[in-house]
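Asker: Would you mind keeping the following structure in view while I ask a few things?
The values are calculated or read from the model by the stated rules, or taken from the named source; none is laboratory data. This is a predicted model, so every value here is computed, not measured. Because the Cβ atoms are built from the backbone with ideal geometry, glycine has one as well, and the counts that use them run over all protein chains shown. We work out accessible area using only protein heavy atoms, side chains counted, and drop any ligands, DNA or RNA first. Shrake-Rupley method; radii C 1.70, N 1.55, O 1.52, S 1.80 Å.
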Amino acid sequence: MPLDAAPLGTKPEIVPSTCPHDCPSTCALDVERLDAHTIGRVHGAKSNDYTAGVVCAKVARYAERVHHPARLTQPLRRIGAKGEGISAFAPIGWDEALDEVAARLKDIAEEWGSEAVWPYFYAGTMGLVQRDGIDRLRHAMRYSRQHSTFCNTLADAGWLAGVGVKYGVDPREMQDADLIVVWGGNPVNTQVNVMTHIARARKTRGARLVVIDPYRTATAEQADMHLALRPGTDGALACAVMHILFRDGHADRGYLEKFADCPAELEAHLQSRGPAWAADITGLSADEIEAFAALYARTERAFIRIGYGFTRSRNGAANLHAVTSIPTVAGKWRHHAGGALYSNGGLYPVDATLIRGLDVMDKATRLLDQSRIGPILTGDPQDIGGDIGSSSDAVPVKALFIQNTNPMIVAPESAKVRDGFRRDDLFVCVHEQFMTETAAMADIVLPATTFLEHDDLYVAGGHTYLQVARRVIEPLGECRSNHAVLCGLARRFGNNHPGFRMTEWEIIDATLKASGLGDADTVADGRWIDCAKAGDEMHFRNGFGHADGKFRFRPDWSKVGRDSGRMPDLPDYFAIIDTADEAHPFRLVTAPARNYLNSSFTETPTSQKREGRPTIKLRPEDLDAIGAQDGGRVRVGNRRASIVVHAEAFDGMQRGVAIIESIWPNAAFEEGLGVNALTSADPGPPLGGAVYHDTAVWVRPA
Ligand SMILES: Nc1nc2c(c(=O)[nH]1)N[C@H]1C(S)=C(S)[C@@H](COP(=O)(O)OP(=O)(O)OC[C@H]3O[C@@H](n4cnc5c(=O)[nH]c(N)nc54)[C@H](O)[C@@H]3O)O[C@H]1N2
Ligand SMILES: Nc1nc2c(c(=O)[nH]1)N[C@H]1C(S)=C(S)[C@@H](COP(=O)(O)OP(=O)(O)OC[C@H]3O[C@@H](n4cnc5c(=O)[nH]c(N)nc54)[C@H](O)[C@@H]3O)O[C@H]1N2
Ligand code: SF4
Ligand SMILES: [Mo]
């Protein structure tokens with residue numbers, strides 16, 4: 001056991017690192033290094049005032065993942081059927097593997113045009129060099145571009161529409177707040193550090209916690225008030241809260257005059273959107289809405305911590321915009337610990353030109369929607385035309401080169417994704433740490449290092465630190481980093497972009513220097529740089545991110561995305577969700593499970609044990625109504641597919657709401673199709689974005 005490898009009585013060496021996973025916390029880590037190949041426990045850095053010594057349980061026991069016996073250690077060629085797993089593969093050498101991938105991509109580009117190749121990636125590591133380097137290869141070779149829509153497209157659209165820049169109030173101010181509203185997020189599961197700062201506010205100031213979430217999550221369990229609304233109805237709740245603020249004299253009229261575009265119009269518009277109206281839509285009582293609005297109105301230091309969950313609906317951008325309008329109406333942004341934070345992703349002055357090869361990008365290449373990989377691979381003519389390219393001469397995708405993502409599980413309409421991967425005429429190379437269900441569909445699989453085995457540079461959504469982390473241990477077996485693989489391919493293509501002739505460390509160094517942030521060694525030795533702006537900037541006390549400094553209640557959605565015609569003019573309930581009907585009486589939310597991180601950690605025994613099995617939470621009355629039992633098997637379905645899961649009686653939500661915590665591998669389900677067989681690949685307006693929590697389904701005993 002790696003944990004016991006240090007001789008008794010010796011203290012393990014502590015080495016700094018950064019958690020690379022797709023989590024807003026981006027924790028600063030202290031890793032126990034037992035020897036050059038082995039780690040022990042992973043701790044949160046006490047010296048970082050955001051991480052504050054805390055990490056989630058799954059990363060604390062990272063030894064279980066990095067030293068997992070099923071880690072890939074050699075390049076593999078598939079010699080058996082697609083989807084069968086490791087037994088269908090035979091080991092090959094790196095040169096042979098890269099030669100073959102390069103030759104196939106070259107042939108396909110020659111025959112079909114370079115856009116027939118789609119480099120496909122997401123956020124297995126959030127390190128900028130290892131995550132985004134794939135774009136450099138893409139642009140250098142004029143391969144198809146990717147519109148990355150799995151996660152934050154709808155949320156970004158909604159935040160930017162009103163606020164104008166992608167940052168918000170410093171999260172370290174949460175500890176000084178008197179009211180924290182966790183809106184559509186579940187930080188106990190998804191970014192545990194938020195809870196540290198909330199706990200401080202509760203302990204030192206008696207702060208109140210309000211959670212707005214369709215079900216009683218572990219975060220909601222800790223709350224003073226939990227508003228368990230129907231999924232996708234946050235716009236209505238936000239409107240009613242603002243209606244009450246105007247009605248009861250809590251709108252900050254002086255502030256609005258100076259900092260908002262059209263407060264009088266908004267007030268008039270909200271006249272007809274009071275608590276009774278919103279109660280009808282959200283399923284909350286008018287009293288609950290009044291109580292929340294009153295608490296919010298009377299608290300100066302009211303911090304809204306906005307999560308992603310409530311934006312994963314067709315109306316998600318509109319919902320998020322409506323929520324950011326609340327602190328504007330009430331003028332809360334003015335106060336220390338008042339206002340809102342969604343993400344600080346736009347805070348960092350990092351020049352990504354070298355990493356992403358932006359100098360050689362050709363914007364004329366087509367842009368393919370990541371979330372629509374199912375329709376794309378199965379040849380939807382609308383999709384393969386791309387967002388920008390012309391559809392008349394559209395070529396099918398003939399090759400996928402995949403790093404950092406597991407689309408067979410995480411992408412919507414996964415039955416189509418699987419059909420697409422099964423195509424005989426599709427060449428697939430997957431660079432992975434494990435034999436994921438996506439890797440199992442590949443022709444060539446390449447073994448990848450983990451963050452502990454390579455260098456990288458990290459920024460964060462949930463705080464303000466930029467971090468540089470050196471590798472902690474030697475690469476396992478023959479594992480190579482994403483950067484090394486990209487360089488290997490570029491060499492075979494004879495591509496001379498300077499980024500392919502540099503080491504990771506040289507790229508980090510050059511990027512920091514180009515960004516005016518110093519050099520790699522200095523930043524790594526200091527571990528992080530705090531990129532927070534002055535408080536006045538992060539509270540928008542000098543104005544919001546639009547030219548006139550005013551928050552937009554009436555955004556110009558056409559500047560945000562092409563599908564803007566349907567967007568509501570002013571904050572509203574935008575009724576375009578997959579509404580429940582007689583045939584599909586339940587609204588399904590596929591919220592993140594605590595012990596998995598997307599599909600990562602689904603391979604570790606402790607996570608598997610803690611999660612148990614795929615489960616649908618339904619109210620006891622709903623179980624009775626469909627004739628199902630607590631613990632019994634049920635079939636859940638809609639137009640797209642049906643899956644079998646076990647039912648759990650749970651009274652933490654309204655009737656008609658169903659929860660399946662995710663994301664389980666498809667193989668964990670009886671028939672081999674997982675929860676994303678039910679979710680839709682419809683792009684949410686105005687700019688696209690996956691709608692994982694916006695699905696009407698039927699449920700019946702299996
Ligand atoms: N343990 C764990 N941690 C994770 C992840 C994971 O899978 N597991 N995923 C990581 C990633 S990639 C991300 S982007 C973040 C996301 O983390 P969060 O910001 O927390 O967002 P979501 O993950 O989508 O969902 C959070 C909550 O939103 C609720 N929700 C769903 N629909 C609605 C709605 O219509 N209205 C409201 N008010 N709430 C709604 C869900 O019930 C859920 O409890 O977490 C990261 N951290
Ligand atoms: N039903 C449902 N589906 C969802 C969501 C949901 O809430 N519900 N959430 C969505 C969201 S928010 C997101 S962000 C996506 C995330 O989806 P993904 O980005 O696919 O996230 P992971 O499943 O964690 O997959 C990352 C993969 O990258 C690999 N990896 C990690 N580090 C490296 C590396 O350095 N190199 C290489 N080559 N590989 C590496 C890991 O082993 C893992 O298999 O899922 C989405 N899907
Ligand atoms: S809370 Fe998030 S960033 Fe921190 S260790 Fe866990 S997964 Fe990583
Ligand atoms: Mo995400």
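Asker: I'd like the full set of residues that are under 28 Å from residue 101 (Cβ atoms), of a type in the set (Gly, Ala, Ser) and either within 16 Å of ligand 1 (Cβ to nearest atom) or open to solvent by 10 Å² or more (accessible area, probe 1.4 Å) (or both), limited to the range 440-480.
Answerer: 477
Asker: So, in the range 674-698, of the ones that are open to solvent by 10 Å² or more (accessible area, probe 1.4 Å) and out of contact with any His (no Cβ under 8 Å at 6 or more places or on another chain), which residue ends up nearest to ligand 4 (Cβ to nearest atom)?
Answerer: If we take residues in the range 674-698 being open to solvent by 10 Å² or more (accessible area, probe 1.4 Å) and out of contact with any His (no Cβ under 8 Å at 6 or more places or on another chain), then 692 is nearest to ligand 4 (Cβ to nearest atom).
Asker: Can you confirm whether residue 88 is farther than 24 Å from residue 437 by Cβ, of a type outside the set (Val, Ile, Thr) and open to solvent by less than 50 Å² (accessible area, probe 1.4 Å)?
Answerer: The answer is no for residue 88.
Asker: Now for a separate question. Checking the conditions here, which among 562, 527, 541 is open to solvent by 40 Å² or more (accessible area, probe 1.4 Å) and within 24 Å of the chain's Cα centre (by Cα)?
Answerer: Values: 527 fails: within 24 Å of the chain's Cα centre (by Cα); 541 fails: within 24 Å of the chain's Cα centre (by Cα).
Only one candidate passes the filter, namely 562.
Asker: Have a look at 515, 481 and point out the one that is in contact with a Ser or Thr (Cβ under 7 Å, 6 or more places away or on another chain) and modelled with pLDDT of 95 or more. Full working, then the answer.
Answerer: Details: 515 fails: in contact with a Ser or Thr (Cβ under 7 Å, 6 or more places away or on another chain).
On inspection, the qualifying residue turns out to be 481.
Asker: Identify, from the list 12, 24, 91, 20, the residue that is more than 16 Å from ligand 4 (Cβ to nearest atom) and within 27 Å of residue 127 (Cβ to Cβ). Write out each step before concluding.
Answerer: Values: 24 fails: more than 16 Å from ligand 4 (Cβ to nearest atom); 91 fails: within 27 Å of residue 127 (Cβ to Cβ); 20 fails: more than 16 Å from ligand 4 (Cβ to nearest atom).
Being more than 16 Å from ligand 4 (Cβ to nearest atom) and within 27 Å of residue 127 (Cβ to Cβ) holds for just one of 12, 24, 91, 20, which is 12.
Asker: Right, another one. Mind checking which strands (runs of 3 or more DSSP E) fall wholly inside the range 172-269 and carry at least 1 residues that are open to solvent by 50 Å² or more (accessible area, probe 1.4 Å)?
Answerer: Values: elements: 179-183, 208-212, 225-227.
In the range 172-269, the matching strands (runs of 3 or more DSSP E) lie at 208-212.
Asker: Enumerate the pairs (first residue in the range 175-196 and aromatic (Phe, Trp, Tyr) and modelled with pLDDT of 95 or more; second residue anywhere and more than 11 Å from ligand 1 (Cβ to nearest atom) and open to solvent by less than 20 Å² (accessible area, probe 1.4 Å)) with beta-carbon separation below 6 Å, excluding pairs fewer than 6 apart on the same chain, so at least 6 apart or on different chains.
Answerer: That search, which allows pairs on different chains as well, returns 183/304.
Asker: Of the residues 337, 318, 302, which is on the phi > 0 side of the Ramachandran plot and buried (at least 24 other Cβ atoms within 10 Å of the Cβ)? Can you show your working first?
Answerer: Working: 318 fails: on the phi > 0 side of the Ramachandran plot; 302 fails: on the phi > 0 side of the Ramachandran plot.
Answer to the check: 337.
Asker: Oh, and also: If you go through the range 109-121 one residue at a time, do you hit one that is closer than 30 Å to residue 605 by Cβ and open to solvent by less than 50 Å² (accessible area, probe 1.4 Å)? Let's see the steps before the verdict.
Answerer: Within the range 109-121, the first condition is being closer than 30 Å to residue 605 by Cβ, and the residues that meet it are 120-121.
Checking the rest, the ones that are also open to solvent by less than 50 Å² (accessible area, probe 1.4 Å) come to 120-121.
The answer is yes; a qualifying residue exists.
Asker: Please enumerate the residues belonging to the range 140-170 that are within 13 Å of residue 365 (Cβ to Cβ), open to solvent by 10 Å² or more (accessible area, probe 1.4 Å) and not basic (Lys, Arg).
Answerer: Scanning the range 140-170 gives 140, 141, 146, 147.
Asker: Something else about it: I'd like to check something: does the range 517-524 contain any residue that is under 30 Å from residue 659 (Cβ atoms), outside any helix (DSSP H, G or I), open to solvent by 20 Å² or more (accessible area, probe 1.4 Å) and away from ligand 3 (no atom under 16 Å from the Cβ)?
Answerer: Kept after step one, since they are under 30 Å from residue 659 (Cβ atoms), are these residues of the range 517-524: none.
No, the conditions are met nowhere in the range 517-524.
Asker: Restricted to the range 124-163, and to residues that are within 13 Å of ligand 2 (Cβ to nearest atom) and acidic (Asp, Glu), which residue is farthest from residue 590 (Cα to Cα)?
Answerer: Here the residue is 132.
Asker: Here's a follow-up. Considering only the range 91-164, give the helices (runs of 4 or more DSSP H) lying wholly within it that have at least 3 residues that are free of Cβ contacts under 8 Å to residues at least 12 places away in the same chain.
Answerer: Numbers: elements: 94-112, 128-141, 153-162.
By residue number, 94-112.
Asker: Something else about it: Taking residue 122 as the residue in question, decide whether it is more than 15 Å from the chain's Cα centre (by Cα) and either farther than 30 Å from residue 207 by Cβ or among the hydroxyl-bearing types (Ser, Thr, Tyr) (or both).
Answerer: On the way: more than 15 Å from the chain's Cα centre (by Cα): no; either farther than 30 Å from residue 207 by Cβ or among the hydroxyl-bearing types (Ser, Thr, Tyr) (or both): yes.
When the stated conditions are applied, residue 122 does not pass them.
Asker: If you check residue 189 against the conditions, is it under 16 Å from the mean Cα position of the chain (by Cα) and polar (S, T, N, Q)? Break it down into steps so the answer makes sense when it comes.
Answerer: Values: under 16 Å from the mean Cα position of the chain (by Cα): yes; polar (S, T, N, Q): yes.
In short, yes.
Asker: Which condition breaks for residue 679 when tested against (1) within 16 Å of ligand 3 (Cβ to nearest atom); (2) in contact with a Phe, Trp or Tyr (Cβ under 9 Å, 6 or more places away or on another chain); (3) of a type in the set (Ser, Thr, Tyr)?
Answerer: Condition not satisfied by residue 679: (1).
Asker: In addition: Need the failing condition index for residue 485 against (1) over 26 Å from the mean Cα position of the chain (by Cα); (2) part of a helix (DSSP H, G or I); (3) of a type outside the set (Gly, Ala, Ser), just the number.
Answerer: Only one criterion in (1) over 26 Å from the mean Cα position of the chain (by Cα); (2) part of a helix (DSSP H, G or I); (3) of a type outside the set (Gly, Ala, Ser) is unmet by residue 485, namely (1).
Asker: Name the pairs: first residue in the range 204-227 and without any contact (Cβ under 8 Å) to a residue 60 or more places away in the chain and within 16 Å of ligand 3 (Cβ to nearest atom), second residue part of a loop (DSSP other than H, G, I, E, B) and not hydroxyl-bearing (Ser, Thr, Tyr), Cβ to Cβ under 7 Å, at least 6 apart or on different chains?
Answerer: Cβ pairs passing all conditions: 219/186.
Asker: Here is a list of conditions, (1) more than 22 Å from residue 111 (Cα to Cα); (2) surrounded by fewer than 21 Cβ atoms within 10 Å (Cβ to Cβ); (3) among the β-branched types (Val, Ile, Thr), and residue 326 meets all of them except one; can you say which number that is?
Answerer: For residue 326, the failing item is (2).
Asker: Right, here's the next one. Only one residue in 503, 579, 511 is in contact (Cβ under 8 Å) with a residue 60 or more places away in the chain and either open to solvent by 40 Å² or more (accessible area, probe 1.4 Å) or of a type in the set (Gly, Ala, Ser) (or both). Which one?
Answerer: Working: 503 fails: in contact (Cβ under 8 Å) with a residue 60 or more places away in the chain; 511 fails: either open to solvent by 40 Å² or more (accessible area, probe 1.4 Å) or of a type in the set (Gly, Ala, Ser) (or both).
Unique residue meeting the criteria: 579.
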